[in-house]
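Everything on this sheet refers to the single structure shown next.
The values are calculated or read from the model by the stated rules, or taken from the named source; none is laboratory data. The shown structure was predicted, so the numbers you read here are calculated from the model rather than taken from an experiment. In this analysis, Cβ positions are derived from the backbone assuming ideal geometry, glycine residues included, and neighbour counts consider all displayed protein chains.
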């Protein structure tokens, strides 16, 4: 037979129960206080945040998420999926976000990705999504939580910086007057072209082009007219390039460099002569050009058949040929096969 508790024992148990009840009420009160604090904190943070269950249903979000992304109150978002909110989220975007959620549910952990978002104010912003799977006390996955960081300005700055860097890189290898590649770029491309030429059946040709009596042109027409003449000449030379691996450079002053491929040396010389004749046909008046009434050029061209010479040697040979062409009457071509 079970022994009855004494009055003192009953009183002790009642005191213990009252103490436990008081502590429980205190914990509940603190929990409510903490929950209220977290709720207030979440709504005060100007960063969109949300929680979805394993079915993709929104169970919680802060004010920023509702207002900035959707432009509606939270109650119009709660208990709905992405696909229930088609008037706010494009179907393509909904599919992408859903796929990210599914990945997290199947591979618990964290996930970071970037995406453009159509916001409530009509603007498209770039957000960096930080998502994570959420577990209960039994470590079962019960949903996903997400935080969205607006990186639009950062991405715009990065894009502007990339464009500026690209412009600086282009300027570093481009002649400011004509827009052609400069001597620095010539050195790089010439070296690369020589290496490629060793593996090809086509012949690489290098020509130095110099405008005849250009000092006289500047003295007679002025430096502004001289600059305009060089620009016209540059545009013509660019149009003469037949292939993507043909190049024209402004080496300095009125001197240009031409790199192009040909099937043989005869074809290479014919192409160079076509350029020489084409420049004269531009009919740029040059009354101080001795035997010619228009602006003309002289060329020295080296066809590289047996690729054993250095860049410097090839350059010097083309340069010597160009000066010989000038000394023999100008508006001429002299060529050499090496």
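Observations on the model:
- No other residue among 181, 127 is modelled with pLDDT of 95 or more, assigned by TED's automatic domain parsing to the domain that holds residue 293 and under 33 Å from the mean Cα position of the chain (by Cα) apart from 181.
Residues checked against (1) farther than 30 Å from residue 224 by Cβ; (2) in contact with a helix residue (DSSP H, G or I) (Cβ under 9 Å, 6 or more places away or on another chain):
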position: 106; (1), (2): yes, no
position: 117; (1), (2): yes, yes
position: 122; (1), (2): yes, no
position: 152; (1), (2): yes, no
position: 159; (1), (2): yes, no
position: 176; (1), (2): no, no
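- Subset of region 67-81 [crowded, with 17+ Cβ neighbours inside 10 Å, closer than 19 Å to residue 124 by Cβ and either outside the structural domain of residue 143 (by TED's automatic domain parsing) or in contact with a helix residue (DSSP H, G or I) (Cβ under 8 Å, 6 or more places away or on another chain) (or both)]: 70
- Output for region 195-221, where each listed residue is under 17 Å from residue 245 (Cα atoms), in a helix (DSSP H, G or I) and modelled with pLDDT of 90 or more: none
- Residue in region 151-173 that is farther than 25 Å from residue 336 by Cα, touching a residue at least 24 places away in the same chain (Cβ under 8 Å) and not in a helix (DSSP H, G or I) present: yes
- Within region 269-284, the set of residues being in contact with a strand residue (DSSP E or B) (Cβ under 8 Å, 6 or more places away or on another chain) and loosely packed, with under 14 Cβ neighbours inside 10 Å comprises 283 only.
- Qualifying residue in region 179-193 (condition: surrounded by 13 or more Cβ atoms within 10 Å (Cβ to Cβ), part of a helix (DSSP H, G or I) and touching a helix residue (DSSP H, G or I) at 6+ places or on another chain (Cβ under 6 Å)): yes
- Conditions (1) buried (at least 21 other Cβ atoms within 10 Å of the Cβ); (2) under 25 Å from residue 192 (Cβ atoms); number of the one not met by residue 297: (2)
- Qualifying residue in region 229-239 (condition: over 13 Å from residue 210 (Cα atoms), part of a loop (DSSP other than H, G, I, E, B), within 30 Å of the chain's Cα centre (by Cα) and without any contact (Cβ under 8 Å) to a residue 40 or more places away in the chain): no
- Checking residue 23 against (1) modelled with pLDDT of 75 or more; (2) assigned to a helix (DSSP H, G or I), the condition it does not meet: (1)
- Residue 236 falls short on exactly one of the conditions (1) in contact with a strand residue (DSSP E or B) (Cβ under 8 Å, 6 or more places away or on another chain); (2) under 27 Å from residue 187 (Cβ atoms), and that condition is (1).
- Counted residues, region 66-120 - those being assigned to a loop (DSSP other than H, G, I, E, B) and either touching a strand residue (DSSP E or B) at 6+ places or on another chain (Cβ under 9 Å) or closer than 20 Å to residue 142 by Cβ (or both): 13
- Consider region 55-66 and keep the residues that are touching a residue at least 24 places away in the same chain (Cβ under 8 Å) and buried (at least 19 other Cβ atoms within 10 Å of the Cβ). The one that is farthest from residue 97 (Cα to Cα) is 65.
- Checking each residue in region 121-144 for being assigned to a strand (DSSP E or B) and under 18 Å from residue 89 (Cα atoms) picks out 124, 125, 126, 127, 128, 129.
- Hits in region 201-214 (condition: closer than 14 Å to residue 287 by Cβ and surrounded by fewer than 15 Cβ atoms within 10 Å (Cβ to Cβ)): none
- Among the residues of region 328-338, those that are at positive phi and either surrounded by 14 or more Cβ atoms within 10 Å (Cβ to Cβ) or not assigned by TED's automatic domain parsing to the domain that holds residue 204 (or both) comprise 330, 331.
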